[in-house]
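Have a look at the structure below before the remarks.
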Amino acid sequence: MIYLDHAATTPLDSDVLKAMQPYFNKLFANSGSIHSAGQEALAGIDKARQQVAHFLNCETNEVIFTSGATESNNLALTGIVDASDIKKPHIITSNIEHPAILEVVKNLKNRGVEVTILPVEHDGIVNTNVVQKEIKDNTILISIMYANNEIGTVQPIKEIGELIKKINEKRKNKIYFHTDATQAAGYLNCDTKSLKTDLLSLSGHKIYGPKGIGVLFVKKGTKIKPFQYGGHQEFNLRAGTLNTPGIVGIGEALSIVKKNRDVNNKRVQHLRDKLIEKTLKEIEGSHLNGSKTKRLPNNANISFDKIEGESIMLNLDFEGIEVSTGSACASGSLSPSYVLLALGLSHLQAHGSIRFSFGKENTIEDVNKTVEALKKIIKRLRLISPIK
Ligand SMILES: Cc1ncc(COP(=O)(O)O)c(C=O)c1O
């Protein structure tokens, strides 16, 4: 099998598994218990919190463990709105966010929140000047993803963060800045001080960590309300018994990412660039979607004229090559990707797109085999395609 779907999820790193294992049975106690066994579990959590804080360059009490990026995004957006004393608060986001942002925003709009959804340029990048133009007196929150899950485009988060900081110096009601860094965390610098973010979401299973665990960074002094009530865990912001193995796993996964990032990025980028170069050269009517340079090192999203992405994906699957059409959450639905439509692609072009996302276990042989398989499949599909 050649797995090229790391943007959907990654395998668990063997060192992460090793770190987690004792916490399933031997060190199973509730980290909230006062007895020694509880304190041992708490020590594992404390270590992980330090690892996460080190990764984000923040304090340990600014790290909130959640069940994943979906929950982190829900807590960030709903929590800021609920804590605001502005009568009709306004929030800004972009039209290529993951559904874990866009659906929350839709829900907030139904509750009376004013919403601005920004367009992106043809290369899939948000323009900072456009962000600035949309800021109003009642704006309380701007949420822009760090990197896109379908096309891998990287947004100017630091530039937007600096802009918001400057604007905040001159206004009474603060604008909070949130970024969904779920796809970025494995590849990009997530130093919250340099990015100037107040809130940042990430998830374990995209970075060779476990599924069902995530982080929300919440900067000290942020006015935010919980949306689930119960115990006093996570500084009163996220009630519920802590998922010790998951937390230990995400801490370990992030410290491995930080240690190996430069080497790993170079490797996957080389494979990704080879795939793009060979595909665009050897397959007529193939086009790269999204900025060529401002994108994650492991992502290639390519449209193939006159054929359906679903058929390409299924044919590649028969050959043992796993890829994706659009995001995993959208696969199975027949509507074209809203992210590709946002770039200005036609419905036809958007339907013919495949996302290849590389990971640390891929090799150059994987690239060569994939391009050879693609050439054969696309030739065959075009022969039988009703689209001329
Ligand atoms: C950009 C982005 N945000 C949020 C999520 C949701 O993450 P989780 O599966 O951890 O809830 C994903 C997952 O695909 C994602 O890619």
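Observations
- Once exposed loop chymotrypsin sites (Phe, Trp or Tyr not before Pro) are cut out (DSSP; at most 11 other Cβ, 10 Å), longest piece of the chain: 25-228
- Neighbour cut-off at most 11 other Cβ (10 Å), DSSP loop, GluC sites (Glu not before Pro), segment 85-149: none
- Förster radius 56 Å - calculated FRET efficiency between residue 385 and residue 239, Cβ distance, rounded to 0.05: 0.55
- FRET efficiency estimate (nearest 0.05) - Cβ-Cβ, residue 293 to residue 341, R0 22 angstrom: 0.45
- Normalising the average separation of contacting C-alpha pairs (under 8 angstrom, six or more residues apart) by the number of residues puts the relative contact order of segment 248-388 at 30 percent.
- Sites matching trypsin sites (Lys or Arg not before Pro) across segment 199-295 that sit in DSSP coil, with at most 16 neighbouring C-beta atoms within 10 Å: 211, 220, 223, 292, 294
- Loop-located trypsin sites (Lys or Arg not before Pro) in segment 106-180 whose Cβ has at most 14 other Cβ within 10 Å (DSSP): 111, 136, 170, 171, 172
- The chain: angle of helix 244-282 to the longest principal axis, Cα-based, in degrees nearest 10: 20
- Spatially, segment 338-388 and segment 263-326 are offset by 6 Å when compared through their Cα centroids.
- The distance separating the Cα centre of segment 1-32 from that of segment 117-145 comes to 36 Å.
- Against the chain, whose longest principal axis is taken from its Cα atoms, helix 69-83 shows a tilt of about 50°.
- Global form of segment 14-256, assessed from the alpha-carbon gyration tensor, a/c cut-off 1.5: prolate
- Only beta bridges with both residues in segment 14-256 are counted; by DSSP, about 40 percent of them are antiparallel.
- Nearest-ten-degree value, helix 99-110 long axis tilted from longest Cα axis of the chain: 60
Every number here is computed from the coordinates shown, using simple stated rules; none is lab data. Quick caveat, the model's predicted, so the values are computed rather than measured. Every residue, glycine as well, gets a Cβ built from its backbone with ideal geometry; the counts of neighbours run over all protein chains shown.
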